[in-house]
Amino acid sequence: MELKISATRRAAIQPDMIGLFFEDINYAADGGLYAEMIENRSFEFVKAGGDANDYYFEYDGMYAWSPYPADANTGTNAGADAAITLRTVQGSPLSEENPHYLRVIAREAKTGLCNKAYGGIALKKGMDYQLTFFARCVSYQGSFLAEIIKDGKSYASATVSSADYSEETYNYFRKYHITLHAEEDVAGALFTLLLTEPGTAEFDFISMFPADAVAGIFRKDLFDALKALQPGFVRFPGGCIVEGNTLSNRYRYKDSLTKPWNRKNNWNRWAVHGNNEENNFCGQYSHYNQTLGLGYYEYFLLCELIGAAPLPVMNVGFACQYQSTEQVAMDSPEFAGFVQDALDLIEFANGGTDTVWGAVRAKMGHPEPFGLTLLGIGNEQWQTERADFFERYTAFEKTIHGAYPSIRLIGSAGPDITSERYTAAWDFYRKNTENPDFVYAVDEHYYVRPEWLYEHVDFYDDYPRTVKVFSGEYAAHPAPAPNRHSNTLEGALSEAAFLTNLERNADVVVMASYAPLFARLGYTQWAPDMIWFDETQTYLTASYYVQQLYSCNMGDVTLDTQGLEKEAAKDGLYYSVSYSEKEDEVIVKIVNANDTVRPVHLQLDNAYAAREHYFAKTLTAAKADMAHVTAKTAKTSSADTRMPGTTDAEKSGNTTPMHLLPETAVVTDSEGALTEEIILPAKSFTVLRF
């Protein structure tokens, strides 16, 4: 194939076009990016159950906790002869928002409580771990022993005297700090907190973080994976949790703008995923809760630390339209409260320290504004006879732009791109183009088979340019089984092919993000996902590397492909071309979806004819692992990055995930000279720069 490189410039590419969509699904927040190691740290977890329009929850404050040692005469309701008794109680709490706490009656020394901590505590040899907890010494003057134990062996331990506390509340809860040092690596261990002498004490907010947590908040390996993507934006916190399965369990961001122990616990909308009659409408994720430790302050901070624009999403007074018909009326005080929440959030993000919510931000540690420019209005909302989303969007838009005219609003096209609700949404936005600020972009979602993505690489070619697109949730879902819920190279290549369509149409598609972002092994409601992880490791998928190759290789403007990409697509080759003003480089992204190698010869415009050097980065179905050879060191260097795997063998997210590692190698011809003829490996995605 001959690939003609034109010097004719077409559409400007938004610098923040490729971003991230974070949803608290698959234990992405608690148990994931939020580096807290203790599960149910405030004894407030609930067990959720039910089905559409009939959801409920039951308090289960001892979830994840047990008496320790397990072989002692123990029990949560044990009699006076028990070595230890644990029970959650209410009375004079540490936090009114989280009113339960744990009473421990120890009748023997070195008895107490233990925490299962999701899949168990994992420690790295030589690392420190910071433990914070509150205790009220009802009738106790001994010490507290924190210890990480597996199979009777201690891997880290430290003691603090009950008299050695940092502060005390009005009702005598004392705050303690302990540093635990890991003597060896371990995974699947128990966290224990013991009384060294008999006595009675009450505990609340038992929290442990690794010392390498970024900003003391984010799990480092997961944070590093996000930062390496160089995303333009982060949309948060979802997703369906913005709405909740009921309005009472929606994500209430104001509950997170306080001290961690004062953040009101909430059950997660995904706790009821998969409920059915066979499991009595109570599934395996029934204890999926939100501590709100990863709150809106932390989301804004995350965006700042990785250099991405924040894109929070607001509820418009609907519970999840898939799961509920619950809503507040537009003429009610409750709806006015939803609109006010949007105004208050903008003030929290951007207001001076002399404003109400700007002062809250400053008190949390960030006096400088976060610089919010984007705001989502609703998540996957659509219009029905009963659900008046268009009217709600209009009310939000009028109020927000009346106070903050520069905020760019993101609308919703509903949950798909094929139905009448999708068509109705676009009709609505396009009828309001007399107001150029009515909507910045419309959020489209599609989870489809790889074949659909290959077949629709011209999807946006004929879109009217009057209203912009945010491709907010997309992913290839390979089928049939067993790959339906697997991250496969084939799926990733189809995503790369579809992204050539988004880039070529950058004059209408201004933002794009793969979804979902994270999944914890064994705690997964939805797959495939971009990044998988467990207690100790991160597993980067082929889809991750596709996103990285795009986000780190975006030009400023597209170059004219003269429609020739349509013929190439018929031959299983998909490409787009852009130009970087800053680096004075042409960037070609090209997918070879075929089972055989394909040669491509570059036909350069005269403007580029004098260029002798290029480098290539290739994501391919190599049959063997390859070592990291060399990296790009200068503009004129040449490199080829390849990723191991086969089209059906990437098992990231299954019980034996692969770690997909890219390789970089020099590209030359047989005589060692740089060449303009590219041999595309079978099943590969290549980025060329010259």
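Side notes on the structure shown:
- Summed side-chain charge close to ASN350 - residues other than ASN350 whose Cβ falls under 12 Å, Lys, Arg +1, Asp, Glu -1: -2
- Dipole moment magnitude, nearest 20 debye, the chain about Cα centre, only Lys, Arg, Asp, Glu C-beta charged: 900
- The range 492-613, accessible surface, carbon-and-sulfur percent (1.4 angstrom probe): 47
- Using a Förster distance of 35 Å, the FRET efficiency for GLU434-LYS254 (Cβ separation, nearest 0.05): 0.50
- The protection proxy used here, the mean number of other Cβ atoms lying within 10 Å of each residue, ranks peptides 150-156, 442-448, 23-29, 425-431 as follows, highest first: 23-29, 442-448, 425-431, 150-156.
- Average accessible surface for the range 265-367: 37 Å² per residue, computed with a 1.4 Å probe over protein heavy atoms with every protein chain in place.
- Under the shape rule built on the C-alpha gyration tensor, where the axes satisfy a ≥ b ≥ c, the range 534-599 is oblate, since a/c reaches at least 1.5 while a/b does not exceed b/c.
- Remark: the range 125-180 carries 48 Å² of accessible area per residue (probe radius 1.4 Å; ligands, DNA and RNA excluded).
- With all protein chains in place and ligands, DNA and RNA left out, the 1.4 Å accessible area ranks HIS485, HIS100 as HIS485, HIS100, largest first.
- Ranking ALA479, ILE13, LEU294 by how far each Cα lies toward the positive end of the dipole of the chain (charges on Cβ) leaves LEU294 at the top.
- Neighbour net charge for PRO436 - beta-carbon separation under 14 angstrom, K R +1, D E -1: +2
- With the whole protein complex present, GLU58 retains an accessible surface near 100 Å², based on a 1.4 Å probe.
- When the inverse distances between all different Cα atoms of the range 324-460 are averaged and flipped, the Kirkwood radius reads 16.9 angstrom.
- Protein accessible area in the range 260-360, 1.4 Å probe - carbon and sulfur %: 51
- Short-range pairs are left out: with C-alpha atoms under 8 Å and at least six residues apart, the relative contact order of the chain is 15 percent.
- Centre-to-centre, using Cα atoms only, the range 482-507 and the range 221-295 are separated by 27 Å.
- The HN-Hα couplings worked out from phi for the range 183-193 by the Karplus form 6.51 cos²θ - 1.76 cosθ + 1.60 (θ = phi - 60°) are 7, 8, 5, 7, 9, x, 8, 9, 8, 10, 9 Hz, whole numbers, x standing for Gly and Pro.
- Along the axis of the charge dipole computed for the chain (Cβ charges of +1 for Lys and Arg, -1 for Asp and Glu, origin at the Cα centre), the listed residues THR325, PHE370, PHE233 are led at the positive end by PHE370.
- The convex hull around the C-alpha trace of the chain, projected and averaged over every direction, spans 32.4 square nanometres.
- The candidates ARG421, ARG136, ARG41, arranged from most to least accessible area with a 1.4 Å probe in the full protein assembly, appear as ARG421, ARG136, ARG41.
- Take every DSSP beta bridge whose two residues both sit in the chain; close to 70 percent of them are antiparallel.
- Only Lys, Arg (+1) and Asp, Glu (-1) charged, at Cβ; the range 298-391 dipole about Cα centre in debye: 260
- Contact order normalised by residue count of the range 150-255, Cα under 8 Å, 6+ apart, percent: 15
- The range 88-102 versus the range 398-476: alpha-carbon centroid distance in Å: 46
- Its DSSP H runs of at least 4 residues, each contributing -39,500 (n - 2.57), put the calculated 222 nm mean residue ellipticity of the chain at -5000 deg cm²/dmol, to the nearest 500.
- Check: the range 387-500 dipole with +1 on Lys, Arg Cβ and -1 on Asp, Glu Cβ, in debye: 320
- DSSP beta bridges confined to the range 450-569 are antiparallel in about 30 percent of cases.
- Label zone at ARG9, where the point sits 7 Å out along the Cα-to-Cβ direction: the range 536-564 residues whose backbone N lies under 12 Å: 556-560
- Positive-pole candidate from PRO310, HIS273, ALA395, dipole of the chain, charges at beta carbon: PRO310
The values are calculated or read from the model by the stated rules, or taken from the named source; none is laboratory data. The structure presented is a predicted model; accordingly, all values stated were derived computationally and were not measured. Using ideal geometry, Cβ is built from the backbone for each residue, glycine included, and neighbour counts are taken over all protein chains shown. Just the protein is used for accessible areas: all its heavy atoms, side chains included, with ligands, DNA and RNA removed. Shrake-Rupley method; radii C 1.70, N 1.55, O 1.52, S 1.80 Å.
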